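Read-outs: derived from the displayed coordinates by stated rules, not from any lab. Values in this document were obtained by computation on a predicted structure and should not be read as measured data. Because the Cβ atoms are built from the backbone with ideal geometry, glycine has one as well, and the counts that use them run over all protein chains shown.
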Amino acid sequence: MAKDLLFEIGTEEIPARFIEPALKAIKNLAAEELQKLSLSFGGIKTLATPRRLTLYVAELAERQPDRVEEILGPPKQAAFDADGKPTKAALGFAKRHNVSVEELSVKETPKGEYVCVTKKIPGEETINLLPTLLEKLVKSIPFPKTMRWGTKKLRFARPIRWFLALYGKQVIPFELAGVKAGNITFGHRFMAPEPIEIEDFVSYVRKLREAFVVVEPEERLAKTKDEVTDAALDISAEVLEDVELLHENANLVEFPYATLGNFEPKFLSLPRPVLITAMREHQRYFSVVDKEGNLLPHFIAVNNTKPEDPSALIAGHERVLRARLEDASFYFERDKKIPLAERVKELAHVGYHAELGSLYDKTERLAKLSAWLAERLAPDKKDLAQRAAYLAKADLVTELVQEFPSLQGIMGREYALLSGEPPEVAQAIYEHYLPVSAGGELPESTLGSIVALADKMDTLCAFFGIGEHPTGAADPFGLRRAAYGLIEIILAKNFSLSLSEFINEALSLLQERLKFPQKEVLLEVKQFIGKRFEGALASRGYSDEMIKAVMAAGFDDLVDTLKRLEALKKVYESEEFPALAVGFKRVMNMVKKLSGRLPFSDSLLKEEPEKGLYKAYLEVREEALPLVEKGEYEKALHSFIKLKRPIDEFFDQVFVMVEEEDIRQNRLALLQRIAELFLSVADLSYLREEAA
């Protein structure tokens, strides 16, 4: 009979941002380990608060299933002599596995006949397997940072204070880091700190709720949202939507209780992003707006306790926020006194990287690269692009951004406008940081897109140029994010641009700092972007083989590559095209090992099928190449279909590898030219034959 597993790790307060990734890891790790042990289960659920991480496995089998194991021994010819009598090898094998020689059997294997013994191995009881499984689980949960406490060697996000471990009604005999498991948990640290005896999962959730702990993450998130919404409704206002802040607050508390506080209306004169950031970043407060979305002089704080008189709690929040806003106002007024352009020189005193110079060095490269890029994408914006790039990093030395780093770019825009810079330049300063995360907001303006591309390419080339590549999960300089951002901007803005030229120009500006040959770094950066580009295409729903087919034909122009992929997907669904792909594979198999382009002469064509193939090739090339030049790849691919029959007839009736070298080389040269024509769009040899 199956029973439920309930396992809780009780800790000191775990940082909010650790919790959701930890729950995902616990669920995956538990499923993986249970499957390895062949233990069936009904379902897995994870729960958490700042003081606990919990695993619940429903209907976990009481024992492993019995299994039959075949153990191979010596070869039959070594186990039995010519008269069929067992040798010492057979006798020793039988003794080693505690069976009689009569119980041995002979099994046919790819290597011949071998003696084997079949053993029935009874399954282990689950209660005996769980201690090892739970210890492995605790030690395997990944956290951004871990710590040790006391004299314990175990590393965990925060010190572990208790384990609740039940299989059915039975306490699992489990101990780790000096903490012995039991059937006890604890309620809210302040409102119900007493130990609570647990019988099963239902009582666990119910009793914790009675002890002011909402242990179900979804329930606590919903309660947090309701609390915040109700607090705003008390003054007929609304909460400024912030999903990330809502999740963070829900993971900061065990029992959410929202309070509405006020600040002086004079602070509403601060730029909106400054006010929101001052409330959000350090205090985790929600901003309050009216029906039109205008900020009001109020905020909402989510608390972990519900006092009888909340006035002192609210006053404490107001006092802390007032100090924050006074600081922000002071920094803002001081920053405004210095035009943004005058701050650029200060970047010379801010290090970018020990081997890459200062932020001023990066700014100079950024301005030159942005101008180069603008000449190719928007020539009329070259001067504006250079100006926006020159000012792009200047806000990093303002006092307000140093206090609130997340305002970089945002305050650059504000200070640029206050300094009298063109609005387009100010917007580009903000947009050049975009996107800040995968799937995030992209630059809307052409100018912002140009500066953003230049910034990301400079970053990629600079760090690859000094050998700082991402390794495994480590990417301290955000190079993967830079590559993804670059790709998404190019595709969103439909910028037709040579990656190789772009990379080469960025590397030329870094020439004196490169530790490796420029051509070598160019190839590495392009391949790195290419791998991210494959991922971006896969996320758009394209199959792996189609992505590889178009990438193999080149990806120097990302927009053009996507056009080729879109065309290939449409045409490949036609009835004739899969068969053509098979024919193309035969062509590629013949020419892929050729080291250079072979000379071709139509005077050396002897057989009618090869003459027919050459004639068809000329007709298709004349039709297809202009289409390829115009980017009409779907029409070009349809024209390739006309080569299907001539290719089939050629391979059915013509022997390519004849003894006469000139004939052989000429036939290979013809196939080589056909392959080149196809490769102007895609390498069809990557497409699956079973689909053809």
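Summing Lys and Arg as +1 and Asp and Glu as -1 over all other residues whose Cβ lies under 9 Å from the Cβ of residue 426 gives a net charge of -2.
What FRET efficiency, computed as 1/(1 + (r/R0)^6) with R0 = 41 Å and r the Cβ-Cβ distance, is obtained for residue 645 and residue 539, rounded to the nearest 0.05? Efficiency, rounded to the nearest 0.05: 0.60.
Could you let me know the centre-to-centre spacing of segment 471-533 and segment 144-159, using Cα atoms, in angstrom? When both Cα centres are located, 39 Å separates them. The distance between label points at residue 520 and residue 135 comes to 4.8 nm (points 7 Å beyond Cα on the Cα→Cβ vector).
Ranked highest first by average number of other Cβ atoms within 10 Å, how do 175-186, 483-494 line up?
On the way: 175-186: 17.2, 483-494: 20.3.
Highest-to-lowest ranking by the protection proxy: 483-494, 175-186.
Peptides 470-479, 92-101, 545-554, ordered by how many other C-beta atoms sit within 10 Å of their residues on average, highest first, read 545-554, 92-101, 470-479. Within the chain, the whole DSSP H helices whose Cα atoms reach 18 Å or more along their own axis and whose mean Kyte-Doolittle score is at least 0.5 are 126-140, 446-465, 479-493, 577-591.
Segment 557-652: which GluC sites (Glu not before Pro) are DSSP loop and have at most 11 other beta-carbon atoms within 10 angstrom? Write out the running numbers ahead of the final one.
On the way: sites: 566, 573, 575, 576, 607, 610, 619, 622, 623, 629, 632, 634, 649; in loops: 573, 575, 576, 607, 632.
Answer in residue order: 573, 575.
Could you tell me the calculated FRET efficiency between residue 444 and residue 107, based on Cβ-Cβ distance and R0 = 51 angstrom, to the nearest 0.05? If you can, show how the numbers build up before the last one.
Numbers: r = 69 Å, r/R0 = 1.35.
That pair, residue 444 with residue 107, gives E of 0.15.
How about segment 620-692: which trypsin sites (Lys or Arg not before Pro) there lie in a loop by DSSP and see at most 10 other Cβ atoms within 10 Å?
Numbers: sites: 621, 630, 635, 642, 644, 664, 667, 673, 688; in loops: 630, 688.
Taking segment 620-692 and a limit of 10 other Cβ atoms within 10 Å, the loop trypsin sites (Lys or Arg not before Pro) found are 630.
Annotation note: GluC sites (Glu not before Pro) in segment 220-266 located in DSSP loop regions with a Cβ neighbour count of at most 16 within 10 Å are 241.
For the pairs 393/563; 223/456; 95/136; 45/153, note any where the Cα-Cα span goes beyond 32 Å.
Numbers: 393/563 35 Å; 223/456 41 Å; 95/136 36 Å; 45/153 29 Å.
Exceeds cut-off: 393/563; 223/456; 95/136.
Hey, how many Å between the Cα centroid of segment 341-415 and the Cα centroid of segment 547-578? Result: 38 Å between the Cα centres.
Between (1) 1.18; (2) 1.08; (3) 1.03, which matches Rg/Rh (Cα atoms, Kirkwood Rh) calculated for the structure shown? Matching the structure shown: (2).
Ranked highest first by average number of other Cβ atoms within 10 Å, how do 652-663, 292-303 line up?
Working: 652-663: 11.7, 292-303: 17.6.
Final packing ranking: 292-303, 652-663.
Provide the net charge surrounding residue 212, with neighbours chosen by a C-beta distance below 9 Å and charges set as Lys +1, Arg +1, Asp -1, Glu -1.
Details: positive: 209, 306; negative: 210, 254.
Combined, the nearby Lys, Arg, Asp and Glu give 0.
Alpha carbon centre of segment 609-662 versus segment 73-129: separation in Å? Taking the Cα centre of segment 73-129 as reference, the centre of segment 609-662 is 61 Å away. With the simple model of a label 7 Å out from the Cα in the direction of the Cβ, residue 575 to residue 40 spans 4.7 nm.
May I ask for the net charge around residue 30, where only other residues with Cβ less than 12 Å from the Cβ of residue 30 are counted and Lys, Arg are +1 while Asp, Glu are -1?
Details: positive: 24, 27, 36, 45, 136; negative: 32, 33.
Counting the neighbours of residue 30, the net charge comes to +3.
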